[in-house]
Amino acid sequence: MEHNSNTIPAVARALLVLEELARSGAELTFTELCDSTETPKATMHRLLATLQERGYVSQSTTGRYSVGVRCFELGSMWAQKLDLRSVAAPFLQRLNQESRETVHLGVYEHGDVVYIDRLESPQQVIAKSYVGRRCTATCVATGRVLLAYSDHAEIDRVLAEPLPSYTPHSIVDPDEMRQLLTDVRTNGFGVNKCSYRDEVCGVAAPIRDHTGRVVASVGLCLPEHRFSEERFPLLRDLTLQAGADISVALGGPAAVITHRVAADVAPPSTS
C-alpha cells in the first residue's frame, strides 16, 4: 500500500480494512481481509482488535467480520447534513429564483466551509462552483458566517494560523479578521467582495437548529458587476429571509436580527 510522508500507515491500513468491509456488503473471513487488503496476518490481528474495541468492526459467531455500529453512528451524523439539504431545498430554490444568482448551502469543517448544496444562476455570466467544494472560511461570505458563530477556541485556533491570501482583497491580518467576524455577529450576515476570487462577491446568512446553534449558512455568489450598492439591499434581504425560513423549518428561531437594523449596513468597498 502506497503512502506519503504526511500519512500514518497504521491509520491508512485501518481505513482500508473498513472500506473493504463496507464495500463487500457481506461478512468477510480473516483470511479474505488479509488477502484483499494485502495486510500481514500479525498486523491484521492488531487492527481488528483495535477496531472491535472501538466499535468499528464486529465479529459474528462464525468468526467473520463486518462493519460495526460505530460506523453507522458516524454515517448518521453525516446523514443529518443530507437531511439539512432536503429541508433547505425549497428555500434555496426560491432564493435562486428571486435573486437569479448562484445559491450555496454550506457547513463548517475545520477552518473551511464545505458546500453541500448549490443552485446555479440562470444568467449567462456566473461564478462557477460545485457541491463538495471546500473554501477557506475566512475568505468567503458563507465561511465567515460559520466561523463568526463558532466558539471562541475555534476562532482563536483559525486566527493563530497564517491567513491565506488569494487576491489583493484577502484579509491576512488576524486582528482585522477578528473585527470582521464581530461585525458578522452584530449585523447578522457576512459579505465577501473579491477576497477569494477576483471579481466574485457574496453575501450569506446563518442557519440555526432547534437549539439556536448555527449549523449551516446560506449564501449568494455572483460576479462583482452585479454586486452593486443599489442591488445589495435586495440580495442581503433575500438571503436573510432564506436563512430565517430554513431555521424555522429546522425548529430554530425565525431571525436574530431585524431587517431594519440590517438595512443600515452597506456592503464593504473591498474584502
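Filtering 254, 204 for residues that are modelled with pLDDT of 95 or more, touching a helix residue (DSSP H, G or I) at 6+ places or on another chain (Cβ under 8 Å) and either assigned to a strand (DSSP E or B) or over 19 Å from residue 170 (Cα atoms) (or both) leaves a single hit, 204. At pLDDT 90 or above and within 20 Å of residue 93 (Cβ to Cβ): is that true of residue 222 in this structure? Yes. Among the candidates 176, 229, the residue that is out of contact with any Asp or Glu (no Cβ under 6 Å at 6 or more places or on another chain), in a loop (DSSP other than H, G, I, E, B) and more than 12 Å from residue 243 (Cβ to Cβ) is uniquely 229. Applying the criterion of being part of a strand (DSSP E or B) and not hydroxyl-bearing (Ser, Thr, Tyr) to the residues of the range 119-136, the residue that is farthest from residue 226 (Cα to Cα) is 134. When the residues of the range 119-144 are filtered to those that are modelled with pLDDT under 95 and small (Gly, Ala, Ser), the one that is surrounded by the most Cβ atoms within 10 Å (Cβ to Cβ) is 127. For the range 172-200, a residue qualifies if it is within 21 Å of residue 225 (Cα to Cα) and touching a residue at least 60 places away in the same chain (Cβ under 8 Å), and the qualifying residues are 189, 191, 192, 193, 194, 195, 196, 197, 200.
Condition check for residue 234 on (1) under 26 Å from residue 127 (Cα atoms); (2) buried (at least 16 other Cβ atoms within 10 Å of the Cβ); (3) at pLDDT 95 or above: one failure, at (2).
Can you tell me which of 27, 73, 19 is within 30 Å of residue 250 (Cα to Cα) and surrounded by 11 or more Cβ atoms within 10 Å (Cβ to Cβ)?
Working: 27 fails: within 30 Å of residue 250 (Cα to Cα); 19 fails: within 30 Å of residue 250 (Cα to Cα).
Every option except 73 fails the conditions.
If you check 157, 185, which single one turns out to be of a type in the set (Lys, Arg), touching a helix residue (DSSP H, G or I) at 6+ places or on another chain (Cβ under 9 Å) and assigned to a helix (DSSP H, G or I)? One residue alone meets the criteria, 185. Checking each residue in the range 164-177 for being crowded, with 16+ Cβ neighbours inside 10 Å and modelled with pLDDT of 95 or more picks out 174, 177.
The set of residues in the range 179-216 being of a type in the set (D, E, K, R), buried (at least 18 other Cβ atoms within 10 Å of the Cβ) and farther than 17 Å from residue 236 by Cβ consists of 197, 208. The set of residues from the range 87-104 being of a type in the set (S, T, N, Q) and more than 18 Å from residue 124 (Cβ to Cβ) comprises just one member, 93.
The values are calculated or read from the model by the stated rules, or taken from the named source; none is laboratory data. This structure is a prediction, so every number in the text was calculated from the model and none was measured. As a convention, Cβ positions derive from the backbone with ideal geometry for all residues, glycine included, and neighbour counts pool all protein chains shown.
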